[in-house]
There are 2 protein chains.
Amino acid sequence: MPPLPTPTPKELLMRVRKFIPPLLETMHKGQQGRVAVIGGSEDYTGAPFFSANASALMGADMSHVICEPQAAQVIKAYSPNIMVHPYMRQSHHREKGTDTAEEISTKIEEMLDRLHAIVIGPGLGRDSLMQDTAKLIIEAAKKKGMPFVVDADGLFLVQNHPSVVQNYTHAILTPNKAEFERLCKTMKIEPSHGDETEVCSRLAKAFGGVTIIQKGSKDYISNGKHTMVCDLKGGLKRSGGQGDTLTGCLVTFLAWKKAYQDRLWKHDNSLSDSELIALSAFGASAMTRNCSRLAYEKKGRALQAFDLSLEVGQAFKNLFESEDPKL
Amino acid sequence: MPPLPTPTPKELLMRVRKFIPPLLETMHKGQQGRVAVIGGSEDYTGAPFFSANASALMGADMSHVICEPQAAQVIKAYSPNIMVHPYMRQSHHREKGTDTAEEISTKIEEMLDRLHAIVIGPGLGRDSLMQDTAKLIIEAAKKKGMPFVVDADGLFLVQNHPSVVQNYTHAILTPNKAEFERLCKTMKIEPSHGDETEVCSRLAKAFGGVTIIQKGSKDYISNGKHTMVCDLKGGLKRSGGQGDTLTGCLVTFLAWKKAYQDRLWKHDNSLSDSELIALSAFGASAMTRNCSRLAYEKKGRALQAFDLSLEVGQAFKNLFESEDPKL
């Protein structure tokens, strides 16, 4: 028998639609998604905001940021819609003898029970206390079987401690070109050997079935067994911060995966857990590329990261609410 | 042989286009420019924001501000698109016995390796620790051969320590009328002797080939050897902060100079280093005047500095993306 033909982007997007929860009269606050972004430090406040804001604009009912106190003040000011919790600490800001990574993460772990999915890394920074705390939060999320996305300086953590995500098939890593190469180095994979699809697959396999979204002019998505390419038309500007729209869209899809599996509405339950994760990755990649395209058409070279956020609503309509996906 | 005719503004703008990097599918984040503005203090937060924001709207992929901590909180809140680092210190805010200019600048110097060009001065203020730190950063940038722009209270530094930029042909100073006169005084040049073009050229020569953009109803641009005048139509409102759009546009051009010299795309490599600096200065002057004109047509007397930012995208299209520059 010949191999089955690869589904087209439109076919994949039609399958993504199957687990987007309908907005029903009977639903109540929180059921469409409760998510959080762990990140935001002395140096970075835009990234966690873009991610949490994109998750809300995708449709999550409640979007949180958990970050360092000074970053919290700023992120709160970006938008009153996002709930921002100043629970993280950088080494040089903690009071003497207090605020260990364990104490900080314990407080945050209590929040995890009320959340469906999280992103770890946007604006996290490389401070050791921030990194140690993030590591403990990842370990807690794993114990709860919670899906999570690791990006930006969260990938720095994974690069230094690959075992923290290894074999956890509910983890998605979203490296850009440079981060991908560093992860390959950690896992002793030669990034120039083989075509991109194959290298991405080998990295996912080395991580024991973690899903990788390798961002670039095309996005390669693999969990080691199945690999997809998302090459929908995007914009041509590569300003910093566009990846945060990806993680925000992705974490909402992961929350919807749980809503689907909890049978929050009537459906045929035909999608498996690993298919739901793969479709989440594809859907988020398609959303980000469509946002980037729409924003670039308006702004051209002047495009900034926040311009992508402004397109999340329209991109969602294009891909998931028009009769036929508009790519 | 008669002297060659001076190129027209349109001819100059067509030459500027030669080193504006095309937006290619294959490019990745950062290649279109990584820039920073050093400034922002207790008293001034608008200036560094306008400058960094203009650099991003011109097309830099990553725009940073490095400033005093309290200014940082405010500048972050202006826009999540700009990365703001609270590394500078004012004398009366430093902790006892810590935070010397050397310590502060060492931290900032580490960032310079990841940047293509910087602006020193917007909102810097005249506090001695801020000035001393800026001086060390200039010296570090020179060692790395990095191009930089000095404006505002950065020019106060140059006025007191002219040797810090002297003979460094990758420095551009952007004085207004009062700052220009103070620089002339420092260099013992009589500003009323000779026409403006000639005085600007003499000042550039006294600084050993530094480029001067003397801002005014016409902008005079000289490196001592070559002098240009940019008299494209601008607005008639002279609100504070318009010069920050100039430095922001300029620093992105300087980042593109490096992209051009690194052969990031295929080109005929016909522009010399000094020509690239002169064209950067002319291009930034033209951009600022076009922004000022567009904003003034909309706002009239009510024009404020931020209105110029809103026109950067349109001005870029007018000058560099329409078939024939629209002045």
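Of the residues A:K205, A:K233, A:K299, A:K258, the single one that is under 30 Å from B:V84 (Cα atoms) and not hydroxyl-bearing (S, T, Y) is A:K299. Summed over the range B:65-81, residues that are surrounded by 24 or more Cβ atoms within 10 Å (Cβ to Cβ) and in contact with a His (Cβ under 9 Å, 6 or more places away or on another chain) total 5.
So is B:R114 under 20 Å from B:G40 (Cβ atoms) and among the charged types (D, E, K, R) or not? Spelling it out, B:R114 is indeed under 20 Å from B:G40 (Cβ atoms) and among the charged types (D, E, K, R). Applying a threshold of 9 Å to beta carbon distances and a minimum spacing of six or more residues, or different chains, the list of pairs starting in the range A:56-72 at a residue that is within 14 Å of chain B (Cβ to nearest Cβ) and farther than 13 Å from A:A36 by Cα and ending at one that is β-branched (V, I, T) and outside any helix (DSSP H, G or I) reads A:Q70/A:T45; A:A71/A:T45; A:A71/A:V65; A:A71/A:V84; A:A72/A:T45; A:A72/A:V65; A:A72/A:I66; A:A72/A:V84. Filtered by the rule that a residue be within 30 Å of B:F320 (Cβ to Cβ) and either facing chain A (nearest Cβ under 8 Å) or modelled with pLDDT under 95 (or both), the range B:73-83 gives B:S79, B:P80, B:N81, B:I82, B:M83. Of the residues in the range B:111-124, at least one is in contact (Cβ under 8 Å) with a residue 12 or more places away in the chain, within 11 Å of chain A (Cβ to nearest Cβ), outside any loop (DSSP other than H, G, I, E, B) and not small (G, A, S). Per this entry, A:G209 is counted among residues that are touching a residue at least 24 places away in the same chain (Cβ under 8 Å), more than 14 Å from chain B (Cβ to nearest Cβ) and assigned to a loop (DSSP other than H, G, I, E, B). May I ask you to verify whether A:A77 is assigned to a helix (DSSP H, G or I) and either within 20 Å of the chain's Cα centre (by Cα) or over 23 Å from A:G241 (Cβ atoms) (or both)? It is false that A:A77 is assigned to a helix (DSSP H, G or I) and either within 20 Å of the chain's Cα centre (by Cα) or over 23 Å from A:G241 (Cβ atoms) (or both). Would a scan of the range A:239-253 turn up a residue that is outside any loop (DSSP other than H, G, I, E, B) and acidic (D, E)? So far as the range A:239-253 goes, yes, one or more of its residues are outside any loop (DSSP other than H, G, I, E, B) and acidic (D, E).
Here's the yes/no breakdown for (1) buried (at least 24 other Cβ atoms within 10 Å of the Cβ); (2) touching a residue at least 40 places away in the same chain (Cβ under 8 Å); (3) not in a loop (DSSP other than H, G, I, E, B):
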site	(1), (2), (3)
B:D132	no, no, yes
B:K135	no, no, yes
B:K142	no, no, yes
B:M146	no, no, no
B:G154	yes, yes, yes
B:Q166	no, yes, no
B:P175	yes, yes, no
B:A178	no, no, yes
B:E181	no, no, yes
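Among the criteria (1) at pLDDT 95 or above; (2) over 27 Å from B:N53 (Cα atoms), the one B:Q214 does not fulfil is (2). When A:K215 is tested against (1) over 15 Å from A:F282 (Cα atoms); (2) within 14 Å of chain B (Cβ to nearest Cβ); (3) in contact with a Gly (Cβ under 8 Å, 6 or more places away or on another chain), just one condition goes unmet, and that condition is (1).
In the range A:249-263, the residue that is farthest from the other protein chains (Cβ to nearest Cβ) out of those that are out of contact with any Pro (no Cβ under 9 Å at 6 or more places or on another chain) and in contact (Cβ under 8 Å) with a residue 12 or more places away in the chain is A:Q261. Only one of the numbered conditions (1) touching a strand residue (DSSP E or B) at 6+ places or on another chain (Cβ under 9 Å); (2) within 14 Å of chain A (Cβ to nearest Cβ); (3) outside any helix (DSSP H, G or I); (4) farther than 14 Å from B:A255 by Cα is not met by B:N53, and that is (3). Among the residues of the range A:224-238, those identified as assigned to a loop (DSSP other than H, G, I, E, B) and away from chain B (no Cβ under 14 Å) are A:G224, A:K225, A:H226. Just to be sure before I move on: is A:K266 basic (K, R) and within 14 Å of chain B (Cβ to nearest Cβ) in the structure I sent? No: the conditions fail for A:K266. Take the residues in the range B:1-42 that are among the charged types (D, E, K, R) and under 22 Å from A:E179 (Cα atoms); name whichever of them is modelled with the highest pLDDT. Only one residue fits best here, namely B:R34. Each residue in the range A:294-322 was checked for being within 10 Å of A:M58 (Cα to Cα) and either at the interface with another protein chain (Cβ under 9 Å from one of its Cβ atoms) or of a type in the set (G, A, S) (or both), and 3 pass. Within the range A:24-40, can you find the residues that are surrounded by 24 or more Cβ atoms within 10 Å (Cβ to Cβ) and either part of a loop (DSSP other than H, G, I, E, B) or within 12 Å of chain B (Cβ to nearest Cβ) (or both)? Matches in the range A:24-40: A:G33, A:G39, A:G40. Residues that are of a type in the set (S, T, N, Q) and surrounded by fewer than 21 Cβ atoms within 10 Å (Cβ to Cβ) were ranked within the range B:82-125; the one that is farthest from the chain's Cα centre (by Cα) is B:T98. Got at least one residue in the range B:185-195 being touching a residue at least 60 places away in the same chain (Cβ under 8 Å), in contact with a Lys or Arg (Cβ under 8 Å, 6 or more places away or on another chain) and either more than 30 Å from B:L112 (Cβ to Cβ) or not in a strand (DSSP E or B) (or both)? No, every residue in the range B:185-195 fails to be touching a residue at least 60 places away in the same chain (Cβ under 8 Å), in contact with a Lys or Arg (Cβ under 8 Å, 6 or more places away or on another chain) and either more than 30 Å from B:L112 (Cβ to Cβ) or not in a strand (DSSP E or B) (or both). Within the range A:277-293, does at least one residue satisfy the condition of being of a type in the set (A, V, I, L, M, F, W, C), in contact (Cβ under 8 Å) with a residue 60 or more places away in the chain and within 14 Å of chain B (Cβ to nearest Cβ)? Within the range A:277-293 (the criterion being of a type in the set (A, V, I, L, M, F, W, C), in contact (Cβ under 8 Å) with a residue 60 or more places away in the chain and within 14 Å of chain B (Cβ to nearest Cβ)), the answer is no, since none of the residues qualifies. For B:E11, state whether it is among the charged types (D, E, K, R), free of Cβ contacts under 8 Å to residues at least 60 places away in the same chain and closer than 27 Å to B:M228 by Cβ. Yes, satisfied. Comparison of A:S292, A:S309, A:S270 shows that the only residue that is surrounded by 21 or more Cβ atoms within 10 Å (Cβ to Cβ), modelled with pLDDT of 95 or more and more than 22 Å from A:V35 (Cα to Cα) is A:S292.
The values are calculated or read from the model by the stated rules, or taken from the named source; none is laboratory data. Keep in mind that this is a model prediction, so the values were computed, not measured. Note: ideal-geometry Cβ built from the backbone for every residue, glycine included; neighbour counts use all protein chains shown.
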